[in-house]
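The values are calculated or read from the model by the stated rules, or taken from the named source; none is laboratory data. Because the structure is a prediction, the values reported are computed rather than measured. Cβ: placed from backbone, ideal geometry, glycine included. Neighbour counts: every protein chain shown.
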Amino acid sequence: MIRLSFAALLLASALPAVAQSAPQPPVPRSAGTPYAARSLPDRIMLTPAADPSRGVAVSFRTDIAQAASEAQIAVAVDGPTLERQARTVSGQPGTRKDSANGPALYHQIRFTDLTPDTVYAYRLKGSAGWSEWLQFRTAATQAKPFRFLYLGDIQNGILTYASRVIRQAFHANGGIDLVLHAGDLAAQRDDLDHDDEWGEFNQAGGYNWSIVPQLPATGNHEYVDVTLPDGRESRALGPYFPLQFALPDNGAPGVQTTYFVDYQGVRFIIMDGTSAMDLGTMAAQTRWLDATLASSKATWNVVLFHQPVFTCARPDDTAEIKAAWKPIFDARRVDLVLQGHDHCYSRLTSEAGREASATARADGAVQGPVYVVSVTGSKMYGLNDRARTQPDKVAEATELYQVVDVDGDRLTFRTFTASGKLYDGFDMEKRADGNHLTDTTEPTIAIRTCTGAIGPDGGPCVARGK
């Protein structure tokens, strides 16, 4: 019912444009990359179940000749005999989506009753036959060292620029077990045709999206603008996000884009700031956030969402989110808050500023949540005035990725540039009295900000004011 209402709203909002006499500008397309569905599965996306030790889900796309959603899965063996003990798993028939690239069917299948800490292989059915075998490992049931990748807004220059950052992250940092996306995976408003954008997103990550579970948060660009029957403007979740990601159904009541996953000693909690601020779900999400943190037995609690509590580009902090969620982060002793939206880099541990934060660390004081904002794609915003003195580290006009290692009571956080240079890092140790943070002693490159009209790489500054 919800999807039907979204579709109706989208149709209603498009009707006035038909009557306009002025010609509409053409929507740009991806140069030389026709993203039409074909006879073998593509856009394959692995996501964890609520219990990732015993389940995962996979979404994929086919041409319309393959109506059935069908997969095979087997415990991985070391010879070419995976078919021998593979079991077939079916899902609901594919959901049709027509786009500028033609019709396609989107499929979702959930693999359940899996064995913890075990390597599995799966393949997917297209109208011309099976895909290649794709391999993943289920989570362990107990705390165990692992590594996750955190990416800010991919959104713009997805294939042109962001793809190299994603590929560098996987190439240089083996053993990535999870990927966290802080929203705005695609622009879905003003960049490219929407289907092309999601085609580029899948091409940018390639097979990595299909073998490493993905934890995406929605950003404002996962939503589309709609006009309600009474003429008011509103937003609805765009059609591609729920087709592309089969998420756990354990979030805030009525907010399908919120969920949590417990993974080897970490509870990951994914929130939806756009829905909270624009669609009236702030109270429901806030209650759910508090309860989800209160029930957590994990060593570490990480919260992921799009609009930052403390901004590095926009003039003001995100007041509604800051007022509702920050007190809970403080009271429940959240460890990391990972965000996007501002298209700059900021790592902040004290609202009082970097000098106060450095003094507290030097005195051995317990550290509260660490707030991080990052960006992976090509759109850049200039730093605001507070960013010069408040965060511990900032960057401007810089594409980045973050690698986080979790090992018992120690968390290691490293930020790298697009070419793989270490830019920022810290270690966090959880003790009886709370978290203690130390900056990395590894050599990092110089601070990257624009100097007037000159960017940090010597060319024009591409970071525009917000």
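Do the conditions hold for residue 104, that is, is it under 24 Å from residue 62 (Cα atoms), in contact (Cβ under 8 Å) with a residue 60 or more places away in the chain and among the small types (Gly, Ala, Ser)? First the steps, then the outcome.
Working: under 24 Å from residue 62 (Cα atoms): yes; in contact (Cβ under 8 Å) with a residue 60 or more places away in the chain: yes; among the small types (Gly, Ala, Ser): yes.
Spelling it out, residue 104 is indeed under 24 Å from residue 62 (Cα atoms), in contact (Cβ under 8 Å) with a residue 60 or more places away in the chain and among the small types (Gly, Ala, Ser).
Name every residue in segment 231-262 that is without any contact (Cβ under 8 Å) to a residue 12 or more places away in the chain and closer than 22 Å to residue 318 by Cα, in order of residue number.
If we filter segment 231-262 for residues that are without any contact (Cβ under 8 Å) to a residue 12 or more places away in the chain, which is where we start, we get 231-233.
Listed by number, the list holds a single entry, 233.
Being more than 21 Å from residue 248 (Cβ to Cβ) and in contact with a Gly (Cβ under 6 Å, 6 or more places away or on another chain) holds for only one residue in 108, 155, and it is 155. Residues of segment 229-241 that are closer than 18 Å to residue 281 by Cα and touching a helix residue (DSSP H, G or I) at 6+ places or on another chain (Cβ under 7 Å): 235, 236, 237, 238.
Here is a yes/no grid of residues against (1) surrounded by 24 or more Cβ atoms within 10 Å (Cβ to Cβ); (2) more than 18 Å from the chain's Cα centre (by Cα); (3) of a type in the set (Asp, Glu):
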residue: 288; (1), (2), (3): no, yes, no
residue: 305; (1), (2), (3): yes, no, no
residue: 317; (1), (2), (3): no, yes, yes
residue: 326; (1), (2), (3): no, yes, no
residue: 331; (1), (2), (3): no, yes, no
residue: 345; (1), (2), (3): yes, no, no
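Taking each residue of segment 121-147 that is touching a residue at least 40 places away in the same chain (Cβ under 8 Å) and surrounded by fewer than 16 Cβ atoms within 10 Å (Cβ to Cβ) and looking for partners that are assigned to a loop (DSSP other than H, G, I, E, B) and not polar (S, T, N, Q) with beta-carbon atoms closer than 6 Å, six or more apart or interchain, yields 128/40; 135/76; 141/116.
Is it the case that residue 153 is acidic (Asp, Glu), within 12 Å of the chain's Cα centre (by Cα) and closer than 24 Å to residue 411 by Cβ?
On the way: acidic (Asp, Glu): yes; within 12 Å of the chain's Cα centre (by Cα): yes; closer than 24 Å to residue 411 by Cβ: yes.
When the stated conditions are applied, residue 153 passes them.
Does segment 189-204 include one or more residues that are hydrophobic (A, V, I, L, M, F, W, C), surrounded by 18 or more Cβ atoms within 10 Å (Cβ to Cβ) and more than 16 Å from the chain's Cα centre (by Cα)?
Of segment 189-204, the ones hydrophobic (A, V, I, L, M, F, W, C) are 192, 198, 201, 204.
When the remaining residues are screened for being surrounded by 18 or more Cβ atoms within 10 Å (Cβ to Cβ), the result is 192, 198, 201, 204.
Those still in the list that are more than 16 Å from the chain's Cα centre (by Cα) too: 192.
For segment 189-204, residues hydrophobic (A, V, I, L, M, F, W, C), surrounded by 18 or more Cβ atoms within 10 Å (Cβ to Cβ) and more than 16 Å from the chain's Cα centre (by Cα): present.
Can you confirm whether residue 366 is out of contact with any helix residue (DSSP H, G or I) (no Cβ under 8 Å at 6 or more places or on another chain), buried (at least 16 other Cβ atoms within 10 Å of the Cβ) and either of a type outside the set (D, E, K, R) or at pLDDT 95 or above (or both)? No; evaluated as a whole, the condition is false for this residue.
A single entry from 458, 377 fulfils the requirement of being surrounded by fewer than 16 Cβ atoms within 10 Å (Cβ to Cβ) and of a type outside the set (D, E, K, R): 458.
Within segment 190-201, residues that are among the aliphatic types (A, V, I, L, M) reach partners that are at pLDDT below 95 with beta carbons closer than 7 Å, at six or more positions or on different chains, in the pairs 192/28; 192/29; 192/30.
Among the residues making up segment 96-155, those that are touching a Lys or Arg at 6+ places or on another chain (Cβ under 6 Å) and more than 20 Å from residue 195 (Cβ to Cβ) are 114, 119, 130, 131, 133.
Taken together, the residues in segment 222-242 that are surrounded by fewer than 16 Cβ atoms within 10 Å (Cβ to Cβ) and assigned to a loop (DSSP other than H, G, I, E, B) amount to 5.
Identify all residues within segment 63-94 that are part of a loop (DSSP other than H, G, I, E, B) and aliphatic (A, V, I, L, M); write none if there are none. The answer is 64, 65, 67, 68, 76, 77, 86. When the criteria are applied in full, residue 265 fails the requirement of being in contact (Cβ under 8 Å) with a residue 12 or more places away in the chain, small (Gly, Ala, Ser), at negative phi and in contact with a Phe, Trp or Tyr (Cβ under 8 Å, 6 or more places away or on another chain). On inspection, residue 47 does not qualify as hydroxyl-bearing (Ser, Thr, Tyr), assigned to a strand (DSSP E or B), in contact with a strand residue (DSSP E or B) (Cβ under 8 Å, 6 or more places away or on another chain) and exposed (fewer than 14 other Cβ atoms within 10 Å of the Cβ). Here residue 105 meets the list (1) more than 18 Å from the chain's Cα centre (by Cα); (2) in a loop (DSSP other than H, G, I, E, B) almost entirely, failing just condition (2).
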